[in-house]
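Working notes, structure below.
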Amino acid sequence: MAPDQRRYTADEWREIQTQYREQPRRGIRTMYPDPEDDRSVDAFVPEGAYSPGRGRGAQHQPHPHHVEVWIATLSAEDIAKLEALLALRPDTIKWVAEKNSRELEKLDGAVDFITSSRTAAKVLMYVSGVAVAFVGGVVALAKSGFDAFALLRGIGK
Amino acid sequence: MMLRVLGLTCLGLISAAILSTAGLLAWFAADRAIPVEVLSSEVLTPRVRPGDKLVIRQRVRYSRICSAHVDRVLYDSHTRREFLRDVDYEYPPLGLGTRTITFEEDVPANFGPGPAEYRALPSYSCNPLQKYYWPITRPETVLRFEIADDTREAFP
């Protein structure tokens, strides 16, 4: 194969495609030059204050997949929780942030203690209520002349 | 974990204590069967002079082992009152069963002539609750007799 008959490489072919695609735009730009593309103002503009592709090159960059998934799975409750966290007072955040791991474990223990104490209090209230109701019922029956344990007492006799 | 097991154990023990106390209290409170039944009562001396003996015979059935306390009083028709000695026992003296009892009481010399009454109000206790708080009672036994018109001995 002669050198002028060689195949295009992939890069060359991509460049050719780009030029082919850009051809009509180039013609229009020639007829109607874009002032944004006019670099003649460069000398009067301080460095960094102006970028020629401003507003055009900044296309939307998609978020990484895991971020998309995370945002899609946020429920209203989750958002409410996040907002509650964001709304924490600065002194609260400071208070939590200053706790070292040992203190946090102690706090865990305290919370656990309070929770189990409340559970115990509920259980005891329930048990006491049952006991009082039972004794009250039996006494009321006894005052009416009935022995609530008549069957049990009859076993021994 | 150990702390939690310990807490649950304590909670269980306390609950068990509450429930068993309530059960015991209910068991005691419901036990209201009268342990002594008076089948018949008669006054052997329907007319008695002041200062003499009043003789009473009762037929009694003891059906349970319980302690008893009986308040006994004599009244005459002239508003006079005489407390007799209480009857107290921890167990039925002759055990369970039907017994016939005869006992004598002194009629005070200052009792006036006319109808008189012997009243006995028993209270029985078969368990600690009844002993200290809620004894078993029944309507009092009332026996009527006559005090003879013997003014010479009643008012010498």
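The values are calculated or read from the model by the stated rules, or taken from the named source; none is laboratory data. Just so you know, these numbers come straight off a predicted model, no measurement behind them. With ideal geometry, Cβ positions are generated from the backbone for all residues, glycine too; neighbour counts draw on all protein chains shown. The protein model used for the area step is the full one, side chains on, heavy atoms only, and it has no ligands, DNA or RNA in it. Shrake-Rupley method; radii C 1.70, N 1.55, O 1.52, S 1.80 Å.
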Requested in this report: Kindly provide the chymotrypsin sites (Phe, Trp or Tyr not before Pro) of the range B:37-123 that DSSP labels as loop, not H, G, I, E or B, and whose Cβ sees at most 10 other Cβ atoms within 10 Å.
Outcome: none
Report summary line: Between B:Arg144 and A:Phe146, the FRET efficiency computed from the C-beta separation at R0 = 41 Å comes out, to the nearest 0.05, as 0.75
Report summary line: In nm, the gap between the two label points placed 7 Å beyond Cα toward Cβ at A:Ser101 and B:Leu39 is 8.7 nm
Query raised in the report: Quick one: how many lysine pairs in the protein assembly as shown have C-alpha atoms under 25 angstrom apart, if they're 8 or more apart or on different chains?
Result: 8
Report summary line: Of every Cα-Cα pair in the range B:26-94, the percentage lying beyond 16 Å is 65 percent
Requested in this report: Just the number, please: carbon plus sulfur as a percent of the accessible area of the protein assembly as shown, 1.4 Å probe, no ligands or DNA/RNA counted.
Outcome: 61 percent
**Report entry** Other-chain or far-sequence residues with amide H under 5 Å of B:Thr45's (modelled H)
**Finding:** B:Val55
Query raised in the report: How many square angstrom of accessible surface are buried between A and B, both sides summed, with a 1.4 Å probe and rounding to 100?
Result: 1500 Å²
Report summary line: If one compares the long axis through the Cα atoms of helix B:2-30 with the longest principal axis of the Cα atoms of chain B, the angle in degrees, nearest 10, works out at 20 degrees
Report summary line: Short to long, in 5 Å steps from zero, the percent of alpha-carbon pairs of the range B:34-147 per bin is 2, 12, 21, 23, 16, 12, 9, 5, 1
Query raised in the report: Can you give the charge dipole size of the protein assembly as shown about its Cα centre, rounded to the nearest 20 debye, using +1 on the beta carbon of Lys and Arg and -1 on the beta carbon of Asp and Glu?
Result: 960 debye
Query - Simple Cβ-charge dipole of the range B:34-147, Lys/Arg +1 and Asp/Glu -1, about Cα centre, in debye nearest 20 - result: 260 debye
Query raised in the report: Hey, what's the protein assembly as shown come to in accessible area per residue, 1.4 Å probe, Å²?
Result: 74 Å²
